[in-house]
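Shown next, in structure tokens, is the structure this report addresses.
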Amino acid sequence: MKLVKPKKFLGQHFLKDLQVAKDIADTVDSCPDIPVLEVGPGMGVLTQYLIAKNRPLKVVELDFESVAYLKENFGELGDNIIEKDFLKMELSNLFDGKPFVLTGNYPYNISSQIFFKMLDNKEIIPCCTGMIQKEVAERIAAKPGNKTYGILSVMIQAWYNVEYLFTVHEHVFNPPPKVKSAVIRMTRNDTHDLGCDEKLFKQIVKTTFNQRRKTLRNSISPILAKDNPLSADPIFNKRPEQLSVQEFIELTNKVEKALADNVKTVGQE
């Protein structure tokens, strides 16, 4: 069967370097003895090394040409080749409800969405590895005070320990992307409860980073009015990239209390 032609609208960049593919596959070894789900296998350059690990493996691919190629060349996968859009899949019953490792050479145009879906399913995804755009990997792994520290950094680091493993250069792909790539690994930390209202936490993180150049006093105004007594707290003199995950949790609790107090005050008038 002829090779699959990479499709720009799907963000496909097929990896050619077999050593890099093996190195990516080996990142799942840190979370052994559980199934593996590969997203966007393309022509199976990574799949072949995952199969060799003799673990339950499913691959999900949206491109019908790639699916046909996989079925012809990886017949041993059988019904474990899933022709679907990963972002629209229900993951809870994928391996009969068992936890699994998420991995892949992820399409650059949806990598952030993939990781937000991972967060929505964090109780069954104890480990996520794979290759993404270097810039996105740096954002995910960034620490407070770094200019690349942002929404993805906080949301993921609240639940996962992040490792930036290695950089991958453009020439090992067909077609070569215009940017460098990187391989990362995210492993669930010991957090099972943030200790705050998780919905409000997400809202505060997204709201403040959407105006990251402003101090919190200004950027949080869609949630908390500037004249609220809480806004006098010194933390509001900071910008969002200066706050650790724990400080965002503490801020969430303060804001929740301030909102509740304001409701009580209005109700008494």
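The values are calculated or read from the model by the stated rules, or taken from the named source; none is laboratory data. On a predicted model such as this, the values are computed, not experimentally measured, just so you know. Cβ: placed from backbone, ideal geometry, glycine included. Neighbour counts: every protein chain shown. The area values use the complete protein model at the heavy-atom level, side chains included, leaving out ligands, DNA and RNA. Shrake-Rupley method; radii C 1.70, N 1.55, O 1.52, S 1.80 Å.
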| Mind checking which pairs have a first residue in the range 14-30 that is surrounded by fewer than 21 Cβ atoms within 10 Å (Cβ to Cβ) and a second that is modelled with pLDDT of 95 or more and of a type in the set (S, T, Y), Cβ under 6 Å, 6 or more apart or different chains? | K22/Y49
| Pair list, Cβ < 7 Å and 6+ apart or interchain, from the range 245-266 residues that are closer than 19 Å to R212 by Cα and open to solvent by less than 60 Å² (accessible area, probe 1.4 Å) to residues that are aromatic (F, W, Y) and modelled with pLDDT of 95 or more | F248/F201; I249/F201; T252/F201
| said: I need the full set of residues from the range 185-220 which are among the aliphatic types (A, V, I, L, M), closer than 28 Å to V101 by Cα and not in a loop (DSSP other than H, G, I, E, B), in order please. | reply: M186, V205
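Mind checking whether some residue in the range 221-230 is part of a helix (DSSP H, G or I), in contact with a Leu (Cβ under 8 Å, 6 or more places away or on another chain) and at pLDDT 90 or above?
no
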| query | For residues in the range 116-157 being within 9 Å of the chain's Cα centre (by Cα) and not aliphatic (A, V, I, L, M), which is most open to solvent (accessible area, probe 1.4 Å)? | reply | F116
| remark: Filtering the range 59-79 down to residues that are buried (at least 17 other Cβ atoms within 10 Å of the Cβ) and over 29 Å from V179 (Cα atoms) yields F74, L77
| said: With the requirement that a residue be open to solvent by 40 Å² or more (accessible area, probe 1.4 Å) and at pLDDT below 95, what does the range 158-199 give you? | reply: H169, E170, H171, N174, P175, P176, K178, V179, K180, H192
